[in-house]
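Input: a single structure, listed below in structure tokens.
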Amino acid sequence: MSNGIRAAVIGGSGYTGGEMCRLLLGHPAVTEILPTSRGGESFERVHPNLLGSGLRFHDADEVTAAAADLDVVFLCTPSGEAMRRTPALLRAGARVIDLSADFRFADPQAYRAAYGAEHTAPELLPEAVYGVTEFHRDLLPESRLVANPGCYVITALLGLEPLLSAGFAEPGAPLHIAAVNGTTGAGVKPRTEILHAEVFGSMLPYSLQGHRHAPELEDRLSGPAGGPVTVDLSTAHGPFARGIHIQASVRVREELRQDFSRELLLSRYTERYGTGAEGEFFVRVNAEPQLGGLTDKDYRRYPGVAGVVGSNFCHIGVDYDARRGIAKVVSVSDNLVKGAAGSALQNMNVMLGHDETTGLRTYGL
């Protein structure tokens, strides 16, 4: 095996696969990238932003068969395919980072309930490390298999974990989360509803009967909450290509409300994540003070999607509605970077012994 990192991207023709290739091209230790596709088109025709990169598509089965020559394989595939390929990849000695949902649940019955299918590799679920680097980096160096979180989930987890782990939330009260992502979150399959003419100037709600990321959120938030939680997740596509905007409302414990404040929340979040580059590098807490009076619209007090597009950062803002006893959390990220390929690369860096910010230090556009 060469001194540099040899990486494969199975499912390289979609938005996530293309973003994975873009980030790998900027990583100084990566010497070979093997994207796969079944579409028959050239790589640069599918990803014109990577014109001149020299990458070409390979056959996924051939790449899987040659996995002994690879250091890491990124699976940017539909649900169901990763569980089919992963056993062979691991037997060959490659390390696997799955960007689909196949290994996010430790319980195969939970996967079945969320995705309506049987898990065909349940023996691998106990060893899969859930890939929120900020929370699980100590487990990554020895892991063979990483389950990257969903884009909504990682943005909501980073936003809500400090509040829940501090014991601020009223036990048993639902966590209300309104989540908007860009149209790239709908995938590359053509649909009339996702056309620019349909989405521009509008919103496209979907899966209000129960989004498939809600069980994943409930599973992962129950730990910091100290018990089972109910997540009320409402999702929509917004009139932008990329980005995740999470806005959460959490009822504060009654006995804490009298002395609760935004300042207390900010103190907890900076304690958890630090400040700027001296803390968790990719998580930034917006502590801008209120300008003007109580009813003035101070838009800079909270983060916006535009500030993180193209980056691996998650920006978080908090506030407190004292009259109603409700804490508010806003967290934003790029759904294709921190919500997918960027966090996968961050996990790869830790797995393979590199500084976790390598290839990812670019700030938002």
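Laboratory data are not the source of any read-out in this text; all were calculated from the coordinates shown. What you see is a predicted model, and the numbers here were worked out from it, not measured in a lab. Heads up, the Cβs are rebuilt from the backbone with ideal geometry, glycines too, and the neighbour counts pull from every protein chain shown.
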query: Sorting 328, 338, 189 on the 10 Å Cβ count, fewest up front, what's the list?
result: 189, 328, 338
- prompt: Once Rh is set to the Kirkwood radius over Cα pairs, what Stokes-Einstein translational diffusion coefficient, in µm²/s, holds for the chain at a temperature of 4 °C and a viscosity of 1.567 mPa s?
  reply: 61
At R0 = 35 Å, FRET efficiency that the Cβ-Cβ distance of residue 56 and residue 206 yields, to 0.05: 0.50
query: Which whole-number percentage describes the relative contact order of the stretch 5-127, with Cα contacts under 8 Å and a sequence gap of 6 or more?
result: 23
query: Among 139, 99, 233, whose mean-square fluctuation peaks in a Gaussian network model of the chain (Cα, cutoff 10 Å)?
result: 139
- line: As straight-line cross-link partners of residue 297, the qualifying aspartates and glutamates (C-alpha separation under 14 Å, not fewer than 8 residues apart within one chain) are 288, 319
message: What number does the stretch 5-127 give for Rg over Rh if you use C-alpha atoms and the Kirkwood radius?
response: 0.99
- prompt: How high is the relative contact order of the chain, given as a whole-number percent (alpha carbon pairs under 8 Å, six or more residues apart)?
  reply: 17
- line: Cα-based Rg then Dmax for the stretch 152-335, in Å, read 16.6, 52
- line: Where a ≥ b ≥ c are root eigenvalues of the Cα gyration tensor, a/c under 1.5 meaning rounded, otherwise prolate if a/b exceeds b/c and oblate otherwise, the stretch 238-284 counts as oblate
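Among the complete DSSP H segments of the chain, which ones combine at least 20 Å of alpha-carbon extent along their axis with a mean Kyte-Doolittle hydropathy of 0.5 or more? Mind showing how you got there, number by number?
Values: long enough: 151-165 (21 Å, 1.58).
TM-like helix candidates: 151-165.
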task: Quick one: check the C-alpha center-to-center distance for the stretch 83-155 versus the stretch 221-284, whole angstrom.
output: 24
Listed peptides 3-15, 22-34, 287-299 by packing density, highest first (mean Cβ within 10 Å): 3-15, 22-34, 287-299
- line: Quick numbers on the stretch 21-75, Rg and Dmax over C-alpha atoms in Å, give 11.5, 30
query: When the C-alpha atoms of the stretch 198-243 are aligned to their principal axes, what extent does each axis show, in angstrom, from largest down?
result: 42, 21, 12
statement: For the pair residue 357 and residue 38, the simple spin-label estimate (label points 7 Å beyond Cα toward Cβ) gives in nm 4.1
